[in-house]
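For reference, the structure discussed in these notes is given below.
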Amino acid sequence: MLVDEYSERVKRLAYTYVKSWQAAEDITQEVFISCYKNLDSFRIESSYKTWLFKITVNKSKDYLKSKWYKSIVPFDFNWSLFSGIKASPEDEVIEKNDEYILSEKVLRLPAKYREVIILYYYEDLNIREISELSNINLDTVKTRLRRAKSLLRKMYEGVELDGE
C-alpha cells in the first residue's frame, strides 16, 4: 500500500520545506488524499514515488504561500530519521552533532538549492527525476546541485551566505 511504503518519506520531504513536523504531517495527509482522488489519472510514465514527491513538493510550496505560514518557525530538524545505522555511543554523539550541523546548513540554503540537495542525497532521486518532479530543465538541476554543494562548502569554511 502506498501509505505504508511512502508516508514517512513524504513527511520528511514536506518537513524540509515547511520546517514544522505538525505541518508536515498535515501535508502528508493531504498528499495521500490527493493521490487517492487522482489515482485513476496516474500516468505510468513515472514511478509512484516520483508522483507522490511531486504532489508533496507542490503541497509544501502551497503551504508556504498560504496565510497560515509563519515566517519564524522552530528548528527541530532531526536527520537521524534518514539513517538506520547503529554505532557506538561515542560515535552516535559525534554523528548526531555532525548531522545536526549538516542539517542546519542544508536548511539555511536558499529553497531552490535545498530542494535539489534533499531530493538527490536524501531521497535518492536521480537528476532526471528531480527535473521532472520540479518542472525545471535538466541542466538547471545539475547547476543547482553544483551550486548547492559549493554553498555548503563555503558554509563549512565559515563564509556567510548573503541572500542568494
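The values are calculated or read from the model by the stated rules, or taken from the named source; none is laboratory data. On a predicted model such as this, the values are computed, not experimentally measured, just so you know. Neighbour counts are summed over all protein chains in view; Cβ atoms, including those assigned to glycine, are modelled from backbone coordinates with ideal geometry. When the accessible area is computed, the model is the full protein with side chains, heavy atoms only, and any ligands, DNA or RNA have been set aside. Shrake-Rupley method; radii C 1.70, N 1.55, O 1.52, S 1.80 Å.
Numbers for the structure displayed
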quantity	calculated
Of all residues in the range 11-44 being of a type in the set (Gly, Ala, Ser) and open to solvent by less than 30 Å² (accessible area, probe 1.4 Å), the one that is nearest to the chain's Cα centre (by Cα)	ALA14
Answer residue from the range 112-126, given it is farther than 16 Å from LEU138 by Cα and hydroxyl-bearing (Ser, Thr, Tyr) and is least open to solvent (accessible area, probe 1.4 Å) among those	TYR122
Residue in the range 118-126 that is at pLDDT 90 or above and either in contact with a Gly (Cβ under 7 Å, 6 or more places away or on another chain) or assigned to a helix (DSSP H, G or I) (or both) present	no
Odd one out for VAL73 among (1) modelled with pLDDT under 55; (2) touching a Leu at 6+ places or on another chain (Cβ under 8 Å); (3) of a type in the set (Val, Ile, Thr)	(2)
Among (1) open to solvent by 60 Å² or more (accessible area, probe 1.4 Å); (2) closer than 26 Å to LYS59 by Cα; (3) at pLDDT below 90 - the single one GLU104 does not satisfy	(1)
Test: residue in the range 138-152 that is over 13 Å from LYS54 (Cα atoms), assigned to a loop (DSSP other than H, G, I, E, B) and out of contact with any His (no Cβ under 8 Å at 6 or more places or on another chain)	no
